[in-house]
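Notes follow once the structure below has been shown.
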Amino acid sequence: MMESVSLFDWAAHNRDVGMIEAEFAETLVNPDFAEVAYAAICHVARRQCEVHVDDLLRHLKIRPSHPNAMGAVWLRAIKDGVIIRTGTIRPCVSDPGKHNHNYPVYRSGLFHGRAA
């Protein structure tokens, strides 16, 4: 008997697979990108109670060749508890190429002090 899969579960699975494929493709042209990006997320999460793409872009000096390569890095940080989804979004204003697109705001899972 086939198991029923909701459209939401199917879409989320395909999104995750696509991000992993984009991350893999990025390693072919920029082998250290995922580790450097993950370290930057951890750095920001240790320094402040909220993490947004604008915060990350201030510390991450390299950029992926394709923006979807960053998705798997964010997912890894979520799964590791480095950042926690808040359900809040706000536009990215630090990168003109992102055209003020809305990005999630995360709560830090590493921050234990006062805001830097």
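The values are calculated or read from the model by the stated rules, or taken from the named source; none is laboratory data. Here the structure is a predicted model, which means the values were calculated and not measured. Quick reminder, even Gly has a Cβ in these numbers, built from the backbone with ideal geometry, and neighbours come from all protein chains shown. These accessible areas exclude ligands, DNA and RNA; they are computed on the full protein's heavy atoms, side chains included. Shrake-Rupley method; radii C 1.70, N 1.55, O 1.52, S 1.80 Å.
Looking only at residues that are in a strand (DSSP E or B) and without any contact (Cβ under 8 Å) to a residue 24 or more places away in the chain in region 87-112, which one is surrounded by the most Cβ atoms within 10 Å (Cβ to Cβ)? Give the derivation first.
Filtering region 87-112 down to residues in a strand (DSSP E or B) leaves 87-91, 102-108.
Adding the requirement that they be without any contact (Cβ under 8 Å) to a residue 24 or more places away in the chain leaves 87-89, 91, 102.
On the way: 87: 6, 88: 12, 89: 12, 91: 14, 102: 12.
Among them, the one singled out is 91.
Taken over region 72-107, the criterion of being within 12 Å of the chain's Cα centre (by Cα) and basic (Lys, Arg) is satisfied by 76, 79, 85.
Restricting the first member to region 74-86 and to residues that are surrounded by fewer than 18 Cβ atoms within 10 Å (Cβ to Cβ), and the second to residues that are acidic (Asp, Glu), the beta-carbon pairs closer than 8 Å and six or more apart or on different chains are 75/16; 86/50. Hey, any hits in region 38-48 for a residue that's in contact with an Asp or Glu (Cβ under 7 Å, 6 or more places away or on another chain), open to solvent by less than 80 Å² (accessible area, probe 1.4 Å), modelled with pLDDT of 85 or more and hydroxyl-bearing (Ser, Thr, Tyr)? Among the residues of region 38-48, not one is in contact with an Asp or Glu (Cβ under 7 Å, 6 or more places away or on another chain), open to solvent by less than 80 Å² (accessible area, probe 1.4 Å), modelled with pLDDT of 85 or more and hydroxyl-bearing (Ser, Thr, Tyr), which makes the answer no. Condition first: within 22 Å of residue 16 (Cα to Cα), polar (S, T, N, Q), at pLDDT 95 or above and exposed (fewer than 15 other Cβ atoms within 10 Å of the Cβ). Can you find one or more residues in region 57-65 that meet it? Scanning region 57-65 turns up no residue that is within 22 Å of residue 16 (Cα to Cα), polar (S, T, N, Q), at pLDDT 95 or above and exposed (fewer than 15 other Cβ atoms within 10 Å of the Cβ).
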